[in-house]
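Beneath this line is the structure, given in structure tokens, with notes to follow.
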Amino acid sequence: MTLLRLEQLQLAYGTHVLLDGADLVLEKGERLALVGRNGTGKSTLMSLIEGRALPDGGNIWRMPGLRIGTLLQHLPPAEGRTIFDVVAEGLPETGELLSQYQHLIDSADPDMNRLATLQTAIEARDGWSYHQRIDTVLTRLGLPATTMMEGLSGGWRRRVALARALVVDPDVLLLDEPTNHLDLDTISWLEDQLLQFNGSVLFITHDRAFLKRLATGTLELDRGRLGRYPGDYEKYQAQKQHELEVESREREEFDKKLAAEERWIRQGVKARRTRNEGRVRALEKLRAERAERRERQGNANINVDSGERSGKRVVELENVSHRFGQDWVVRDLSIEIQRGDRIGFIGRNGAGKTTLLKILLGELEPQEGSVREGTNLKVAYFDQLRAGLDLDATVLDNVAGGRDQVTINGRDRHVMSYLQDFLFAPDRARQPVRALSGGEANRLLLAKLFTQPANVLVLDEPTNDLDVETLELLEELLINFEGTLLLVSHDRAFMDNVVTSVLAFEGDGVIRDYVGGYTDWVRQGGRLPPAPGEMRERAKDTVEKTTTRGTSKEKSAPSAPAKKKLSYKLQRELDQLPGQIEQLEARIAELETTIGSAEFYQQDSATINATLAEHENAQQALEQAMERWMELESDNG
């Protein structure tokens with residue numbers, strides 16, 4: 001079933017052409033990844049599909065009654081609003097009424113007249129069914145309705161934004177960089193949610209692991225056109241490489257022919273007297289075709305000046321501990337980081353990764369333990385919040401500060417030439433930073449960062465919003481970097497390719513060292529603890545019920561009951577549970593692969609519903625088995 005059709009879309013901002021005859025047909029059940037270089041117009045295309053913007057030309061057809069849910073690249077505002085308020089925004093008019101009603105019933109002295117008026121207005125719009133839908137989405141995503149947005153981390157605010165997109169019960173989900181600000185466990189959770197989603201998904205992402213697991217096809221926005229590539233991301237890369245090689249050969253032949261005709265037209269007087277007018281017209285046509293050619297954006301040329309070598313020891317921590325209130329973020333950590341180490345930080349949002357970085361860099365003194373820094377350290381710090389950029393200044397001034405030259409690897413270069421290495425054309429370099437896309441802003445931050453010599457690179461989420469090509473070039477630079485690298489990233493593929501060891505934040509201030517990258521950490525049994533106050537994803541109760549139940553236990557039970565030896569029957573049950581859990585997990589993985597295939601939703605509805613029901617039943621059985629295993633294990637003395 002066709003849900004959406006774009007035909008010959010045209011859109012330009014001044015001389016900057018974003019769409020030049022773009023076509024797309026979106027079918028039910030498809031999950032299409034939209035890829036392309038930063039600034040090519042991917043987010044703009046999303047806004048056109050949603051209806052927030054209009055094209056200069058072409059047609060957009062949406063199935064009658066089509067419901068579209070959108071997860072924007074930017075996080076929702078937090079000031080003075082509850083989670084319920086933000087999620088209700090997904091239902092514009094009715095949601096506002098429901099939000100006002102929720103605040104009234106939660107207040108100590110509600111205005112009863114206003115409450116009655118709201119009830120009447122909500123009933124007239126069948127609003128109570130929408131209220132039930134909001135409650136269902138909040139429960140499904142583990143979000144407490146009355147919690148204020150200000151107290152949430154970026155990852156939890158991203159989860160709230162997803163709830164706002166889902167509350168409209170969409171036929172199509174538009175996701176713009178959905179993994180930004182999410183920790184690794186939440187990214188995995190989001191993947192599972194989208195694999196179970198019955199509608200169609202169009203998403204923009206730089207996370208290659210996320211892309212490979214979800215995409216049933218790839219759309220590439222390149223020079224204003226949408227190319228469509230069936231199959232997984234690796235098939236797209238192979239086909240695209242072949243297309244570029246063919247295009248290069250064709251353009252080479254075209255340029256040879258044009259050069260030959262230009263030489264002919266410039267021959268002497270005799271040649272001009274006898275020249276063929278048809279050939280002249282053909283040359284004019286070749287010139288016009290060459291003038292209209294849109295060149296593919298080149299690759300960034302990223303280099304870093306590693307400066308003088310640091311001492312062998314970069315920094316050493318001995319029995320370092322630090323906490324905020326009663327919450328430990330670092331506890332009794334002893335570690336020595338040496339020159340050339342490439343270390344990744346793995347942990348939930350708020351686990352203390354930034355705190356540890358500040359301790360390592362000498363910006364924060366730990367409450368316990370000692371820190372010894374090495375010699376000749378030159379540190380360059382990449383801040384994911386882009387605090388180092390002046391949004392009102394131009395790209396040029398942010399890098400050069402009014403100067404014409406920058407010094408790179410001991411050599412002076414004109415700043416405009418240097419910026420072109422980071423794909424900033426002269427007109428783009430003269431624009432203010434606030435006019436840049438997210439990916440362009442990150443490229444600018446890298447350009448500014450690498451103007452200073454550094455033998456220690458500290459990168460806090462450097463991959464956010466970068467296109468895949470620039471991401472791969474940054475990987476290559478970091479692999480060849482001779483200094484020391486400290487990397488905070490939730491991009492699993494990037495971490496696997498760059499780091500040689502990881503520090504995992506395993507909860508309550510415990511930090512352990514593992515050899516290898518993210519995949520090696522998982523293989524060695526690494527797991528992150530539940531976030532404070534978080535509902536376990538496999539439970540079906542709401543966060544409120546979980547918190548209440550945990551609090552009542554703490555009050556009624558001053559001490560844990562003594563463990564006792566299990567009976568023969570219970571011990572036998574405990575011994576059999578790991579095998580049952582393993583079988584259930586394997587079956588769930590098989591079903592998710594089936595559900596994630598492009599052909600799944602092309603089957604008859606009975607088959608689709610039976611498979612989805614089996615998947616749901618298997619998940620419930622796994623939850624029960626896990627809970628039973630933990631119960632018996634805790635009683636096993």
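Just so it is clear, none of the values below were taken in a lab; they were calculated from the coordinates. What you see is a predicted model; the values in this text were computed from it and never measured. When we count neighbours, we look across all protein chains shown, and the Cβ atoms used for this are built from the backbone with ideal geometry, even at glycine.
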**For V315, residues with placed amide H under 5 Å, excluding near neighbours** = I337, G374
**Item:** the stretch 391-533 - Debye-derived log10 I(q)/I(0), Cα point model, q = 0.09, 0.19, 0.20, 0.21 Å⁻¹
**Value:** -0.36, -1.13, -1.20, -1.28
**Prompt:** What relative contact order, as a whole-number percentage, does the stretch 8-99 give when Cα pairs under 8 Å and 6 or more residues apart are counted?
**Reply:** 23 percent
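Can you tell me how much longer the chain between L54 and Q405 gets when fully stretched, taken as 0.36 nm per residue apart minus their C-alpha distance, in nm with one decimal?
122.2 nm
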**Complete:** Computed over the stretch 303-383, the relative contact order (Cα-Cα under 8 Å, seq sep at least six) in percent reads 42 percent
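What's the Cα-based Rg to Rh of the stretch 125-271, Rh via Kirkwood?
Details: Rg = 24.8 Å, Rh = 19.5 Å.
Across the stretch 125-271, the Cα-based Rg/Rh ratio is 1.28.
For the stretch 95-160, which trypsin sites (Lys or Arg not before Pro) are both in a DSSP coil and crowded by at most 15 other Cβ atoms within 10 Å?
Taking the stretch 95-160 and a limit of 15 other Cβ atoms within 10 Å, the loop trypsin sites (Lys or Arg not before Pro) found are R125.
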**Complete:** Between the residues T40, L54, L104, the Cα farthest towards the positive end of the dipole of the stretch 3-146, that dipole coming from +1 and -1 charges on the beta-carbon of Lys, Arg, Asp and Glu, is from T40
**Request:** Name the long-range amide H neighbours of A454: under 5 Å, sequence gap of 5 or more, or other chain; modelled H, no Pro or chain starts.
**Result:** D305, S306, G307
**Item:** Amide hydrogen neighbours beyond the local backbone of T70, cut-off 5 Å, H modeled
**Value:** L174
**Fill in**
Going through K256/K448; K212/K353; K212/K358; K28/K235; K312/K448; K240/K353 one by one, the pairs whose alpha carbons sit over 29 Å apart turn out to be K256/K448; K212/K358; K240/K353
**Spatial extent of the stretch 58-208: Rg and Dmax, with the Cα atoms as the point set, Å** = 16.4, 55
